[in-house]
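K.L.:
Handing you a structure now.
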Amino acid sequence: EPDVTIVRGLKDMVVSEGDDVTFRCQVSHENARDVEWKLQDVALQNNEMNEISVEKGKIHTLTLRKVTEQDIGTVTFRVGPHTSTA
C-alpha cells in the first residue's frame, strides 16, 4: 500500500458560539485507512455533534455542530504517522 501523506493541512478557524465549523484535510491517496480526528486529544466519532466524512476520496472533513466554549482547543487530523493541527 502506498504511504498516504497530508497534501493540504488544516487551517485555524474562528467561529461564534452556536455556529458550525468545518475542518478539511487533503491526503495524497483515496481510501486512506488509519485516519483519526481529535479535539483536545480526545478521539472523535461520527455522531449528531461531529460529522466526519470524505469528499472526492481524498478530502477528509470534520464538521463540529453548534460549537460551545468547551470546543475551544486543538483539532488534530492523523493519517498513519502524519498529523495536521489547527
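FYI, it's all coordinate maths here, none of it is from the lab. Here the structure is a predicted model, which is why all the values come from computation and not from measurement. So basically every Cβ, Gly included, is an ideal-geometry build from the backbone, and we count neighbours across all protein chains shown.
K.L.:
When the Karplus curve 6.51 cos²θ - 1.76 cosθ + 1.60 is applied with θ = phi - 60°, which whole-Hz ³J(HN,Hα) does each residue of the stretch 75-86 get, with x for Gly and Pro?
P.N.:
9, 10, 10, 10, 10, x, x, 9, 9, 9, 10, 8
K.L.:
Follow-up. Could you go through the stretch 59-71 in sequence order and give the Karplus-derived ³J(HN,Hα) for each residue, using 6.51 cos²θ - 1.76 cosθ + 1.60 with θ = phi - 60°, rounded to whole Hz, and x for Gly and Pro?
P.N.:
Those phi angles translate into 9, 8, 10, 10, 10, 9, 8, 6, 4, 10, 4, 5, 8 Hz.
K.L.:
Which residue fluctuates most in the GNM of the chain (Cα springs below 10 Å): 53, 28, 16?
P.N.:
Highest fluctuation of the listed residues: 16.
K.L.:
Got a sec to turn the phi values of the stretch 29-45 into Karplus ³J(HN,Hα) couplings, 6.51 cos²θ - 1.76 cosθ + 1.60 with θ = phi - 60°, whole Hz, x for Gly and Pro?
P.N.:
Taking θ as phi minus 60°, the curve returns 9, 6, 6, 4, 9, 6, 10, 9, 10, 9, 10, 6, 6, 9, 5, 9, 10 Hz for the stretch 29-45.
K.L.:
Among 65, 33, 24, which one moves the most in a GNM of the chain with springs linking Cα atoms closer than 10 Å?
P.N.:
Looking only at 65, 33, 24, the largest GNM fluctuation is found for 33.
K.L.:
While we're here: Once fully extended, how much extra length lies between residue 16 and residue 31, figured as 0.36 nm per residue of separation less the alpha-carbon to alpha-carbon distance?
P.N.:
2.1 nm
K.L.:
Mind putting a number on the dipole of the chain about its Cα centre? Charges go on the C-beta only, +1 for Lys and Arg and -1 for Asp and Glu, and I need it in Debye to the nearest 20.
P.N.:
For this selection, approximately 260 debye.
K.L.:
Let me ask another. Could you work out the local net charge near residue 18, counting Lys and Arg as +1, Asp and Glu as -1, over the other residues with Cβ closer than 12 Å to its Cβ?
P.N.:
Every neighbour counted, the sum reads -3.
K.L.:
Where does the charge balance sit around residue 51 when Lys and Arg score +1, Asp and Glu -1, over other residues with C-beta under 10 Å from its C-beta?
P.N.:
Summing Lys and Arg as +1 and Asp and Glu as -1 gives -1.
K.L.:
Counting C-alpha atoms alone, how compact is the stretch 6-85: give Rg to one decimal and Dmax as a whole number, in angstrom.
P.N.:
Considering the stretch 6-85 through its Cα atoms, Rg and Dmax are 12.1, 35 Å.
K.L.:
Continuing with this model, one more query. Using a Gaussian network model of the chain whose springs link C-alpha atoms within less than 10 Å, name the residue from 51, 69, 30 with the highest mean-square fluctuation.
P.N.:
Comparing 51, 69, 30 in the GNM, the peak value goes to 69.
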